[in-house]
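See structure below.
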There are 4 protein chains.
Amino acid sequence: MIITCKKGAPQNEVEKIVKGFEEKGLEVNTILGTNYNVFGIVGDTTVVDEKMVRANPWIEDVTRIAAPYKKVNRLFHPEDSIIDVAGIKVGGKEKVVVIGGPCSVEGKEQICEIAEEVKQAGGCMLRGGAYKPRTSPYAFQGLGTEGILDMVEARKRTGLPIVSEIMSADKIDEFVEYVDLIQVGARNMQNFDLLKALGKINKPILLKRGLSNTIEEWLMSAEYIMSGGNENVILCERGIRTFERYTRNTLDLSVVPIIKKKSHLPIIIDPSHATGDWDLVESMSLAAIAAGADGLIVEVHNNPEKAWSDGAQSLKPEKFKTMIEKGRVIAQVIGRDI
Amino acid sequence: MIITCKKGAPQNEVEKIVKGFEEKGLEVNTILGTNYNVFGIVGDTTVVDEKMVRANPWIEDVTRIAAPYKKVNRLFHPEDSIIDVAGIKVGGKEKVVVIGGPCSVEGKEQICEIAEEVKQAGGCMLRGGAYKPRTSPYAFQGLGTEGILDMVEARKRTGLPIVSEIMSADKIDEFVEYVDLIQVGARNMQNFDLLKALGKINKPILLKRGLSNTIEEWLMSAEYIMSGGNENVILCERGIRTFERYTRNTLDLSVVPIIKKKSHLPIIIDPSHATGDWDLVESMSLAAIAAGADGLIVEVHNNPEKAWSDGAQSLKPEKFKTMIEKGRVIAQVIGRDI
Amino acid sequence: MIITCKKGAPQNEVEKIVKGFEEKGLEVNTILGTNYNVFGIVGDTTVVDEKMVRANPWIEDVTRIAAPYKKVNRLFHPEDSIIDVAGIKVGGKEKVVVIGGPCSVEGKEQICEIAEEVKQAGGCMLRGGAYKPRTSPYAFQGLGTEGILDMVEARKRTGLPIVSEIMSADKIDEFVEYVDLIQVGARNMQNFDLLKALGKINKPILLKRGLSNTIEEWLMSAEYIMSGGNENVILCERGIRTFERYTRNTLDLSVVPIIKKKSHLPIIIDPSHATGDWDLVESMSLAAIAAGADGLIVEVHNNPEKAWSDGAQSLKPEKFKTMIEKGRVIAQVIGRDI
Amino acid sequence: MIITCKKGAPQNEVEKIVKGFEEKGLEVNTILGTNYNVFGIVGDTTVVDEKMVRANPWIEDVTRIAAPYKKVNRLFHPEDSIIDVAGIKVGGKEKVVVIGGPCSVEGKEQICEIAEEVKQAGGCMLRGGAYKPRTSPYAFQGLGTEGILDMVEARKRTGLPIVSEIMSADKIDEFVEYVDLIQVGARNMQNFDLLKALGKINKPILLKRGLSNTIEEWLMSAEYIMSGGNENVILCERGIRTFERYTRNTLDLSVVPIIKKKSHLPIIIDPSHATGDWDLVESMSLAAIAAGADGLIVEVHNNPEKAWSDGAQSLKPEKFKTMIEKGRVIAQVIGRDI
């Protein structure tokens, strides 16, 4: 950590600053510059709260050299983490996992039928929303517990592990009982109370990146879960908000090699929410696999025009199947399989 | 609502689409264009879920003409709403309210001392965080209930109503009992479960705009609270995320005249979080008042260098006092007072 | 084009508005809505200046249904355009072109040596900057004409067509004489005087997307060149500016399927400028090919540490070769070749 | 400047890096950290090209401590610069200048009439575009030289100095002869060839901030002009591009106190282009004055509905007059005048 200090800071102020760091067990190196003086802080700087340092009026700037996260950091955990979701391995060099299913669960028959199609197409997990974060209070809010139980039935019939989004900590017991991979949605990426609660269970968590969150903040949210004791975290990129209007969001595929560099956690891609348009899903899925993603989570609906939410971004089962077939060839080219 | 339909859509598809709207009690007008056909939908289109419409592959685009919100819409509530916070009126043409206080409550003596300073400077409410949303799990997370009780003591000593941030629905009872104005932070602006729960109480809510949320989404979050039955909502702009790096966020002051146009709810400005730098707070506060804001919420700390969070953006009490004095003159120029 | 008109607009104002469109040869359809009236304008609305329409105080909003571009629009030119760059075909279904070379030309020997390496690795064109847009006036500004002549020598030795960036219209004669593919950089994407001048020549143009430009604006800039008479335009995505700080810019790969949908022009990807980090270039290149891009433009330098600009994002020739080999396999999977 | 170097860098690599800096006359201080080593570079680091440093694979990161600009830096020029525009002083503590006029010159009578209105309302300069940067090649492109001469006539009749936008260096002679304040538009902020050419004349330049440029880049563009020898630069904020859709751009008023801190150059605000809506112009103008801006540039049109461009954001002369009157009272409150 580098602290830039204004020239002319009184000697006793400088000493107080230095002492503050030393009391935290850190070593302070001083460089006298032309217009600024600089302190180089050596040691475990994750304990330092940048905001507190910046509050000193003699401090001009604070720059972190080491990352603010530990548990998620590849530096301290060089090998890939492989997360086990009810027997499906996510991460590592071998497999690319493909998760499919509707945006919302609309009933037992619908979800069971789609589950069959997902399975036949080559998907290895089933997604489906029972609690839906909707911008409008007048839009469909999900079937709730009933939707979760419909998914349980679909799992029973197909054997596919199930993924669903949790929206508040008071539903954790239900999710722990029934769901195999618990999704934290983009809008809740910094719902820290929820993250803390999820840190105390040992079910795998699928942590989506927030719409305008940096990769560093995303990794810090993973750190919340892991530092609580739950190390089963899978990251999921779902597009970020930009000024562009031809796509719903901007899919940031460069997260794939960056996450691989900075962290040991698996990273999967959601091309459906990112683009908002089923017509772009296949090419973005193939791109994600080529970039090295560990998996895809794709919206599949047997009747998109009748879907209760987000039909425009859902693939029909036959398109989903074609996409998996093409994706498998690309996966094989880079030494993996689907 | 305007629906653009691709040329060449089969007659029966078109009829299905039209029928779908008519069954919702809406009137459909058709325009045959050069490359597209267009349906103009007349009636209460808040009941239409855009995403479902877009899912039809023959639909090219959907454009809302009327706003998706009702309760917050000035069109249906032309006069300004005035929200009563324990006797302090927020909104309307007369007063600009100034709320001051530390980012975090750090103890009873600290908050009581700052409360006295805020009051003497001319502030009319006290802010203070007891539950803190922090990016890092290793940063100070707030004193919790103890912090709330410290604020209650500060209110007792000064008479200032108190404002504090709620982070999850399971704390609502505590907040309803002790807090006068319940803040929903930027990161929870789309924590819909929390919004729904707050719609069921009748305490005033201070709803901050999310870091990358549009004004429309913000108003939809207010609609969540109001449609639940709690019409006591105050909006608060606190800066949006952009590419700029010299400020922490970019304060969007144009929200002031826009909110006044679109909604009847009061709008206040938080220059401290927006800029992240105490040195910019005064000029942005004066600008906000000149723009017509109904209030300010400003961080004040008697010892910013020792603050447990966000000291860099806190004003010392004497600066806060000067700011209020300057702000009062500007308020008077535009026919208001502080 | 849909015009939303406020209820209560005086009859004579409405008539004036309608007449204005009819005088342009457009047909006007009226829909009387609940809170607004709507005009549907049918005909060639590219002649309508939205800003003029919006100026009328009775107009609430203007929505384009048809795209504002014609020449670049796939609707009117369904087959892919294939642009011939000194014998190399860019676009179409068969080949993915790979362009390699240094950010800046640093001298004849340097550029000739890199040209040989690019050729041996499988590259089919040579890039190199002679006129450099640099943020700082104190940074290296390029060798100018000398650099162009050095590239001409490299072409002579290797046969590779050359690509270089033009920064102002007064250099057009030089570029027409020496350069095979004239690049318009991101910062000049809306330098309309330059675009107009390039519309009058018949050399191919490589038009980069601006750092914060929408796809629609980018296509409008291509329309400037094409409407001037020069239909040889290749589009190039090089990353957009977002709040993310781990990459220099955010590579927006969803442009590939979108450009294919909206336009017939070829689209190539620049992963080097987008990421700013050589370490991310290979995975983003493979992703671009998988997404269906028509080509790549990649920075290659034989001695990145000594490069006069942007060395951090340059591949060494051996890495470039490996990238092409991996890319070729992916291209073949999707029915193309490099 | 702080250079972070990976642990494990070979001794000879480290020595080469250090030597490179020392040869530039810089002093290198070394700090051995836990996971990284750090070099603190002391001296005039504006000569260092960050990109070249980053190219070294052993370098992890580069952080500037001192700003990359010199001529525009307040550190080396503590007093405010006051720029003389044909007798009107821009900058300093006394006056807030108000520039008014149409987006485009549409003819001699139009501009002369508006000029009279601007003058009577209290405006002190006349703006008007003769060369127009338009997104569409089919939109009105400006009257060119004829428009400039119409403005000259308006100046003759009213005595108001004139401001107009230059779009390419080949028009510099015309602008030097006729125009008092030469505007560089947002889209040309990084048209470096134009900036260099403007650095060689001695007419004042009004440099608008680019739509997605950082304040630092904007100051670097000013540095281009000043380092060429022309120190008469006035900065102008006109809104940045964000995801928000209710305003055309997001006016960033925090630039006012930041520019005052970082630079000695005057800063004026363009609320018309920023908001795109005449209805928001007055409140944003008052806010700008309260924030400490040195001036405003506002679109005024006597017949906005008939304007050839941007009528929607133009004030009618009577509104402009009211705005100036209100603005004057606010200016007086903060010790200035209009």
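Quick notes on this structure:
- Filtered residues of the range C:50-66 (kept if within 9 Å of chain D (Cβ to nearest Cβ) and small (Gly, Ala, Ser)): C:ALA55
- Test: residue in the range A:213-222 that is in a strand (DSSP E or B), closer than 24 Å to A:VAL98 by Cβ and either at the interface with another protein chain (Cβ under 7 Å from one of its Cβ atoms) or not basic (Lys, Arg) (or both): no
- Test: residue in the range A:137-156 that is more than 8 Å from chain B (Cβ to nearest Cβ), in contact (Cβ under 8 Å) with a residue 40 or more places away in the chain, under 30 Å from B:MET220 (Cα atoms) and outside any helix (DSSP H, G or I): no
- Within the range B:129-143, considering residues that are more than 15 Å from B:ILE166 (Cβ to Cβ) and not charged (D, E, K, R), the one surrounded by the most Cβ atoms within 10 Å (Cβ to Cβ): B:PRO137
- Of all residues in the range B:233-253, those satisfying the criterion of being over 12 Å from the mean Cα position of the chain (by Cα) and more than 7 Å from every other protein chain (Cβ to nearest Cβ) are B:ARG248, B:ASN249.
- Meets criteria (surrounded by fewer than 19 Cβ atoms within 10 Å (Cβ to Cβ), assigned by TED's automatic domain parsing to the domain that holds A:ALA307 and not polar (S, T, N, Q)) for A:GLU106: no
- From D:LYS71, D:LYS93, residue being within 22 Å of D:ILE267 (Cα to Cα), charged (D, E, K, R) and within 14 Å of chain C (Cβ to nearest Cβ): D:LYS71
- Among residues of the range A:254-277, those that are buried (at least 24 other Cβ atoms within 10 Å of the Cβ), without any contact (Cβ under 8 Å) to a residue 40 or more places away in the chain and within 11 Å of chain C (Cβ to nearest Cβ), counted: 6
- Tally of residues being among the hydrophobic types (A, V, I, L, M, F, W, C), open to solvent by 20 Å² or more (accessible area, probe 1.4 Å) and touching a residue at least 60 places away in the same chain (Cβ under 8 Å) across the range C:306-337: 1
- Verdict on D:GLY92 being on the phi > 0 side of the Ramachandran plot and without any contact (Cβ under 8 Å) to a residue 24 or more places away in the chain: no
- Some residue of the range A:284-295 being closer than 30 Å to A:PHE140 by Cβ and open to solvent by 10 Å² or more (accessible area, probe 1.4 Å): no
- Residue check for B:SER283: of a type in the set (S, T, N, Q), without any contact (Cβ under 8 Å) to a residue 40 or more places away in the chain, part of a helix (DSSP H, G or I) and closer than 29 Å to D:THR214 by Cα: yes
- Residue match in the range D:99-117 (condition: modelled with pLDDT of 95 or more, within 21 Å of the chain's Cα centre (by Cα) and charged (D, E, K, R)): no
- Number of the condition not met by C:ALA169 [criteria: (1) under 21 Å from C:SER227 (Cβ atoms); (2) crowded, with 23+ Cβ neighbours inside 10 Å; (3) within 14 Å of chain D (Cβ to nearest Cβ)]: (2)
- Only one entry in C:VAL184, C:VAL163, C:VAL118 is open to solvent by less than 10 Å² (accessible area, probe 1.4 Å) and within 14 Å of chain D (Cβ to nearest Cβ), namely C:VAL184.
- Every pair of residues 6+ apart whose Cβ atoms lie under 8 Å, when the first sits in the range D:120-131 and is in contact (Cβ under 8 Å) with a residue 24 or more places away in the chain while the second is assigned to a loop (DSSP other than H, G, I, E, B) and open to solvent by 30 Å² or more (accessible area, probe 1.4 Å): D:ALA130/D:LEU143; D:TYR131/D:GLN141
- Residue within the range A:8-26 that is open to solvent by less than 70 Å² (accessible area, probe 1.4 Å), at negative phi and among the polar types (S, T, N, Q) present: no
- Residue match in the range B:296-303 (condition: in contact with a Cys (Cβ under 7 Å, 6 or more places away or on another chain) and either open to solvent by less than 10 Å² (accessible area, probe 1.4 Å) or not basic (Lys, Arg) (or both)): yes
- Top-ranked residue in the range C:239-249 [being of a type in the set (Val, Ile, Thr) and surrounded by 23 or more Cβ atoms within 10 Å (Cβ to Cβ); ranked as farthest from C:SER212 (Cα to Cα)]: C:THR242
- Residues that are of a type outside the set (A, V, I, L, M) number at least 2 in the following strands (runs of 3 or more DSSP E) confined to the range B:80-121: B:97-101.
- Selection status of A:GLY229, assigned to a loop (DSSP other than H, G, I, E, B), touching a Phe, Trp or Tyr at 6+ places or on another chain (Cβ under 8 Å) and either within 26 Å of B:GLN141 (Cα to Cα) or among the acidic types (Asp, Glu) (or both): no
- Of everything in the range C:34-49 that is at the interface with chain B (Cβ under 10 Å from one of its Cβ atoms) and more than 15 Å from B:ILE31 (Cβ to Cβ), the residue that is surrounded by the fewest Cβ atoms within 10 Å (Cβ to Cβ) is C:ASP44.
- Residue list for the range A:296-307, restricted to those being more than 14 Å from B:ASN56 (Cβ to Cβ) and within 14 Å of chain B (Cβ to nearest Cβ): A:GLU299, A:VAL300, A:ASN302
- A count restricted to the range B:187-224 and to residues that are open to solvent by less than 20 Å² (accessible area, probe 1.4 Å) and among the acidic types (Asp, Glu) stands at 1.
The values are calculated or read from the model by the stated rules, or taken from the named source; none is laboratory data. In this text the structure is predicted, and so the values were computed from the model without any measurement. For neighbour counting, all protein chains shown are included, and Cβ atoms are generated from backbone atoms with ideal geometry for every residue, glycine included. When the accessible area is computed, the model is the full protein with side chains, heavy atoms only, and any ligands, DNA or RNA have been set aside. Shrake-Rupley method; radii C 1.70, N 1.55, O 1.52, S 1.80 Å.
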